[in-house]
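Report on the structure given below.
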Amino acid sequence: MAEQTPLSRDTLTGLHKILAVECHDQILAYNEVKGRNHDNPAASVEQGAAVRACYHKTYTKVAKACKNALDSYGECMKDTAGRFQKCRAAQQALRECYWNAK
């Protein structure tokens, strides 16, 4: 798998509900393996990679379908120094854009 640029905390926060739905199966598999092997982090490396790949795939779909909404959310987070509560309207617009584009 090619190396992917990590998604920022702000991006992950803005997309968390979308990611939770779109990557549900991968997250569930990761948590299941991690829970059974809490003393062995290496046991869940493959599942963790699957979660990251799903996040990036979903981010790419969001960026393609909702570029303006994603940019507006990013600008809001930048302008408010990451104060999430001040960007809830932009976050909701991003979510609505994505769900309507599906």
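Across the range 91-102, computed HN-Hα scalar couplings (Karplus, 6.51 cos²θ - 1.76 cosθ + 1.60, θ = phi - 60°) run 5, 5, 4, 5, 4, 4, 4, 5, 5, 6, 7, 5 Hz from first to last residue, x flagging Gly and Pro. In the complete set of protein chains, residue-level accessible area for residue 25 is approximately 110 Å², probe 1.4 angstrom.
Phi angles of the range 68-84 translate, via the Karplus equation with coefficients 6.51, -1.76, 1.60 and θ = phi - 60°, into HN-Hα couplings of 4, 5, 5, 5, 5, 5, x, 5, 4, 4, 5, 5, 9, 6, x, 7, 3 Hz per residue; Gly and Pro are given as x. Annotated for the chain: lysine pairs at least 8 residues apart or interchain, Cα distance under 24 Å, count 20. What a 1.4 Å probe finds exposed on the range 1-98 is 53% carbon and sulfur by accessible area, rounded to a whole percent.
Note down the net charge around residue 32, summing +1 for each Lys or Arg and -1 for each Asp or Glu among other residues with Cβ under 14 Å from its Cβ. Around residue 32, the charge tally is 0. Maximal additional length on extending the residue 64-residue 49 stretch stands at 3.2 nm, based on 0.36 nm per residue less the C-alpha distance. Taking every protein chain into account, the accessible area of the chain amounts to 67 square angstrom per residue (probe 1.4 Å). Within the set (1) 40, 29, 23; (2) 38, 32, 21; (3) 113, 41, 21, the number that Cα extents along the principal axes in Å takes when calculated for this structure is listed as (1). The angle between the Cα long axis of helix 45-65 and the main principal axis of the chain comes to about 20°, on a 0 to 90 degree scale.
The values are calculated or read from the model by the stated rules, or taken from the named source; none is laboratory data. As the structure is a prediction and not an experimental result, all values here were calculated from the model. Here the Cβ is made from the backbone with ideal geometry for all residues, glycine too, and neighbour counts use every protein chain on show. SASA here: full protein model, heavy atoms, side chains in, ligands and nucleic acids out. Shrake-Rupley method; radii C 1.70, N 1.55, O 1.52, S 1.80 Å.
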